[in-house]
Amino acid sequence: MNTTTAADNVAVDADNSTSPLLVVEDIHTSFMVPGGEVKAVRGVSFELNQGKTLGVVGESGSGKTVLARSVMRLNLGNNVITSGSAKFRGSNILDLRPKAMQKLWGNEIAMVFQDPMTALNPLVKVGRQVTEHVRHHLGISKKEARSLAIDLLNEVRIPEPENRLDSYPHELSGGMRQRICIAIALACEPTLLFADEPTTALDVTVQHQILNLLNREQETREMGMVLVTHDLGVVAGRTDETMVMYAGNVVEKSSTKELFEDMQHPYTEALFRSIPKTNERSHTRLTAIAGRPPDLIAPPSGCSFSPRCPYVQQKCREEEPPLIPVNNGSHFSACWFPVGTEENQEAFRKNVAAGLPQTLVIEETLTKSSEKEDGV
Amino acid sequence: MAGSGKAHLRPEDETLIRVEDLVVEYDIPGGDTVKAVSGISFDIKAGETLGLVGESGCGKSTTGKALIQLPKPSSGSVKHNLVELTGLSSEAMRRRRTDLQMIFQDPISSLNPLRKVEDIVAEPMKIWGPKDKSKQQEMVDNILDAVGIDPEQARGKLAHEFSGGQCQRISIARSLILDPEVLICDEPVSALDVSMQAQILNLLEDLKKKYHLTLVFIAHDLAVVKNISDKVAVMYLGKLCEVAQSDELYENPAHPYSKLLLDSCPEPDPTVVIDQTVSDDDELPSPINPPSGCRFRTRCPFATEICSTEEPQMEEIRPNHYVACHHPLT
Ligand SMILES: Nc1ncnc2c1ncn2[C@@H]1O[C@H](COP(=O)(O)OP(=O)(O)OP(=O)(O)O)[C@@H](O)[C@H]1O
Ligand SMILES: Nc1ncnc2c1ncn2[C@@H]1O[C@H](COP(=O)(O)OP(=O)(O)OP(=O)(O)O)[C@@H](O)[C@H]1O
Ligand code: SF4
Ligand code: SF4
Ligand SMILES: [Mg+2]
Ligand SMILES: [Mg+2]
C-alpha cells in the first residue's frame, strides 16, 4: 500500500487567502466481488483551487472514474468500500447526510459522465432532462424551464435547439448527447465540476468551442474543474495541473507545463510515446505499452508498473516507490529510476543487455526514429 | 436532389462496397425532417481502410449504419460485392451481417451491463457460429486475449464491472468473433487511453492483414484517422467535402473545412496559446434547415456569391484527390 501521499507534502497556503475549493485525502475505493477485492483506487490525494483545472490522465481502468464517483459520492453499487476524505469548502463530502449532499448536488457541484448514453434517461425528452434539476431547485415554471433549456442547448452549440428539445437521446448524434450532458451539468451553475471525458465524442472544432465554454464558466464563477481525459492535447492546453494515474495510484503529479517539459515517470513517458501524430505517415506502427493492465485484485508487488516498465529493476519488483517531490517540490513522482536520470539510463542498458522484451521494443523504435532523423 | 458528384468513384467491379447518392432522413416531432445524409457517394476496395471524419452530427454514424441497413436509407444505393443491399429482405440482410459487422459508438451502453462477458462475446455465434461449446469457448478466449483482456479473469464478470475502455475492447471482441469481411468501426478508440488506443490500432492493422479485412473507420481524432486509413473522406453536414489518400489529404487539404479541422487539432504542447473566444451569436447551421448551395458557406472564410447558389461538385484537383468546393485551396 502507498503510505506516502501527496497530501503529506502539500504545504497549506501560508496566508490562507486562497484556501482550496476541494481537498481530497487518501481515497481508497474497493469493490467486493466473488473473486476478491478489486482495489480500484488506492490512496489518492489532491487539491483543487477555485477557478483552476486539474487534469487526470491514465490508463483505461486505472480508477479515474471510480475516483471521481467516490469523491462525488455517486452510487457505485452496494459492494463498495470507500475510505479517506474529500473536503469541499472545508466540509467532508464523504460525511454529509443525504439531505445535505443533495443540496450540494445541483447547487454547488456537478458531474459530466463519461458515457452519455448511460447518463441520460432514454425514455425522457432531452429538453426535460436538461432542466429537471434546476426546475426542482429554483421552482420555475414549465415555460421558463423551456426557454432556459433553449439557452443551455445554445450554449453547448446544438443547432436549432427549439427543434431538439422534444428529441429522445437516441435521436441525437453521439456528440450531441455528450453536449446535452454538459448542458445538464452547467444548468445549476456549479462551483465545482467533475468532467469525465467530456469531449471524447466531439470533433476538434466543437471540442474547442466546448472547452472555451467551460473555460468561460471557470472565469465568471471561479469554477474549479477536474477534467478526466486521455487527450494529451487537451491536457496541455486546458489544465493547470496534471495527475497521472496507474492501477489506482497517482504515479506523477505536477503543473502541466512542467510535466510536459520534464516528465519523470516511465508510465507518463510511455503514454506520450503511444500517441499517433499528424506529421507521421499513415500506417506508422504505434508504440503501445507492452503487456496487459494489472490485475487489481492481486496487483503486482512493488511498483505496479513493473511488469511493463522498460527500466524495471529488481528493487522495483520488491519495494513500492513512494510519491515524492522532485526538483522544485511541487512536482511529484513515484519511481525508483526516474526518466532522464543516470540511474534510468543505466537500468535501460542493463535491460537491453538482458534482452527484456518490453525494453527491446522501445530500443527498436528509438533506433528507427534516430535513423530516420539521420536520413533527413 | 443535387448530390456532390461521383467523379471520385472507381470502376464498380474493383470495389467491395459502393455507395451512391445515399440519402438518410429522419422525421422528428413538429413535422420537421433531419437531413442527416444528403446524397453522398463513396466506394471501398477489398482490404482498404476508409476513414470517415467530420463534425459532430454531420452524419458519420448514420452513414456507417446505412451500410448495414440500420435503418434502410431513404434513397440511394448500397452495394456489397455488387449485390444491392437496399433491396434485400430482412432475412437475407441478416445473413449478410455476418460479413458486415459494426462496432457501435457508446461502448458502455451498447453492452448489456448485466450479462457475462463470455456470453456477450459469444452472442453472434448463437446463430452463425460453431455449435460445439468448447470450440466456442476457445474462440471467445482467443479473441478476448487478442484485444488485451485476460479471458481467465474476465470471462465470468458482468459488463458493468469494467471501465469504459475495457467495455470498448469487449465490444471489439464481439464484432470480430465471426471473422467478418467488412468491419465498420464507429469511434472505436475514442473512449480509450492513448496506450490502449495504440494497441487497438495496431491490432486492427494486424487483423486487417491477417484476415484481409476491409475497414470503415469513423473517428474525429485526425491523427488516429490518418494513422489507420488508406483513404480519408471528410464530411460536413450530410455532404462529402473531400476524398483523398490519407497522406495526401493531410499534407494538402484543399477544402476549407478540412483545413479548419487540421488547424484546430489540439497540440500536446502547453506553451501553445489557445484562442479562448466564445462565439455565442454566429448562426449554427443545422441539418434540419441546411444552407443552400455549399453547406459550409456560413462558416467559410472564402465563400462568394456562387457558394450560396450552386452546390459544388466533386472534382479531381490532383491525381486521386477529389474536392467539392468552388474555390479549393491550392
Ligand atoms: N461496479 C464495479 N464492480 C467491480 N469492479 C469495478 C466496478 N466499477 C469499476 N470497477 C473496476 O475498477 C477499475 C477502475 O475503473 P474506472 O472506471 O475508474 O476506470 P477509468 O480509469 O475511468 O478507465 P477508462 O479510462 O476506461 O474510463 C476497473 O478495473 C474496473 O473494472
Ligand atoms: N433516430 C434518429 N432520429 C432523428 N434524428 C436522428 C436519428 N439519428 C440521428 N439523427 C440525426 O441525424 C444527424 C446525424 O447524426 P449522426 O449520429 O449520423 O452524426 P455523427 O456524424 O455520427 O455525429 P457524432 O460525431 O456526434 O457521433 C444528427 O443531426 C442527429 O441528430
Ligand atoms: S523504473 Fe521501477 S519504479 Fe520506476 S516505473 Fe519502472 S518499474 Fe516502476
Ligand atoms: S464552395 Fe465556397 S463556401 Fe463552400 S467551401 Fe468552397 S469556398 Fe467555402
Ligand atoms: Mg472512466
Ligand atoms: Mg456518431
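Listing for the model above:
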{"read-out": "Residue satisfying all of: in the range A:114-167; farther than 22 Å from A:L193 by Cβ, assigned to a helix (DSSP H, G or I) and away from every other protein chain (no Cβ under 14 Å); nearest to the chain's Cα centre (by Cα) among these", "value": "A:S147"}
{"read-out": "Answer from B:D230, B:D275 - the residue that is among the acidic types (D, E) and open to solvent by 50 Å² or more (accessible area, probe 1.4 Å)", "value": "B:D275"}
{"read-out": "Subset of the range A:189-203 that is out of contact with any Leu (no Cβ under 9 Å at 6 or more places or on another chain) and closer than 15 Å to A:H133 by Cβ - its residue that is surrounded by the fewest Cβ atoms within 10 Å (Cβ to Cβ)", "value": "A:E189"}
{"read-out": "Top-ranked residue in the range B:121-140 [being open to solvent by less than 30 Å² (accessible area, probe 1.4 Å) and of a type outside the set (A, V, I, L, M); ranked as farthest from B:F104 (Cα to Cα)]", "value": "B:Q136"}
{"read-out": "Meets criteria (within 14 Å of chain B (Cβ to nearest Cβ), modelled with pLDDT of 90 or more and loosely packed, with under 15 Cβ neighbours inside 10 Å) for A:N79", "value": "yes"}
{"read-out": "Qualifying residue in the range B:191-203 (condition: more than 23 Å from A:D196 (Cα to Cα) and either in contact with a Gly (Cβ under 6 Å, 6 or more places away or on another chain) or charged (D, E, K, R) (or both))", "value": "no"}
{"read-out": "Failed condition for B:S110, given (1) within 14 Å of chain A (Cβ to nearest Cβ); (2) more than 16 Å from ligand 1 (Cβ to nearest atom); (3) small (G, A, S)", "value": "(2)"}
{"read-out": "Within the range A:188-217, tally of residues that are of a type in the set (A, V, I, L, M, F, W, C), part of a helix (DSSP H, G or I) and facing chain B (nearest Cβ under 7 Å)", "value": "3"}
{"read-out": "Identity of the residue in the range B:214-270, small (G, A, S) and under 14 Å from the mean Cα position of the chain (by Cα), that ends up nearest to the other protein chains (Cβ to nearest Cβ)", "value": "B:S229"}
{"read-out": "Selected residue [touching a residue at least 60 places away in the same chain (Cβ under 8 Å) and either within 12 Å of chain A (Cβ to nearest Cβ) or within 16 Å of ligand 2 (Cβ to nearest atom) (or both)] from B:P180, B:P151, B:P188", "value": "B:P188"}
{"read-out": "Verdict on B:P29 being in contact with a Ser or Thr (Cβ under 9 Å, 6 or more places away or on another chain) and in contact (Cβ under 8 Å) with a residue 24 or more places away in the chain", "value": "no"}
{"read-out": "Qualifying residue in the range B:186-197 (condition: in a strand (DSSP E or B), within 29 Å of B:G59 (Cα to Cα) and under 18 Å from the mean Cα position of the chain (by Cα))", "value": "yes"}
{"read-out": "Filter result for A:N107 (in a loop (DSSP other than H, G, I, E, B), over 26 Å from A:V244 (Cβ atoms) and modelled with pLDDT of 85 or more)", "value": "no"}
{"read-out": "The range A:24-76, residues that are in a strand (DSSP E or B), of a type in the set (G, A, S) and open to solvent by 40 Å² or more (accessible area, probe 1.4 Å)", "value": "none"}
{"read-out": "Per-region count, the range B:24-42, residues away from chain A (no Cβ under 14 Å) and either of a type in the set (F, W, Y) or open to solvent by 20 Å² or more (accessible area, probe 1.4 Å) (or both)", "value": "1"}
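Residue-wise test of (1) in contact with a Phe, Trp or Tyr (Cβ under 9 Å, 6 or more places away or on another chain); (2) within 12 Å of chain B (Cβ to nearest Cβ).
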| site | (1), (2) |
| --- | --- |
| A:T229 | no, yes |
| A:G237 | no, yes |
| A:D240 | no, yes |
| A:N249 | no, no |
| A:F260 | yes, yes |
| A:K277 | no, yes |
| A:P299 | no, no |
| A:P321 | yes, no |
| A:N327 | no, no |
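Condition check ((1) at pLDDT below 95; (2) under 16 Å from the mean Cα position of the chain (by Cα)) across all residues:
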position: A:A6; (1), (2): yes, no
position: A:A11; (1), (2): yes, no
position: A:S19; (1), (2): yes, no
position: A:D26; (1), (2): no, no
position: A:S45; (1), (2): no, yes
position: A:T53; (1), (2): no, yes
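The rows are residues; the columns are (1) assigned by TED's automatic domain parsing to the domain that holds B:A219; (2) crowded, with 17+ Cβ neighbours inside 10 Å; (3) on the phi < 0 side of the Ramachandran plot; (4) touching a strand residue (DSSP E or B) at 6+ places or on another chain (Cβ under 8 Å).
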| residue | (1), (2), (3), (4) |
| --- | --- |
| B:T49 | yes, yes, yes, yes |
| B:E55 | yes, yes, yes, yes |
| B:C58 | yes, yes, yes, yes |
| B:A66 | yes, yes, yes, yes |
| B:Q69 | yes, yes, no, yes |
| B:K79 | yes, yes, yes, yes |
| B:L85 | yes, yes, yes, yes |
| B:S89 | yes, no, yes, no |
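The values are calculated or read from the model by the stated rules, or taken from the named source; none is laboratory data. Just so it is clear, the model here is predicted, and its values are computed rather than measured. Every residue, glycine among them, receives a Cβ derived from its backbone with ideal geometry; neighbour counts consider all protein chains shown. The protein model used for the area step is the full one, side chains on, heavy atoms only, and it has no ligands, DNA or RNA in it. Shrake-Rupley method; radii C 1.70, N 1.55, O 1.52, S 1.80 Å.
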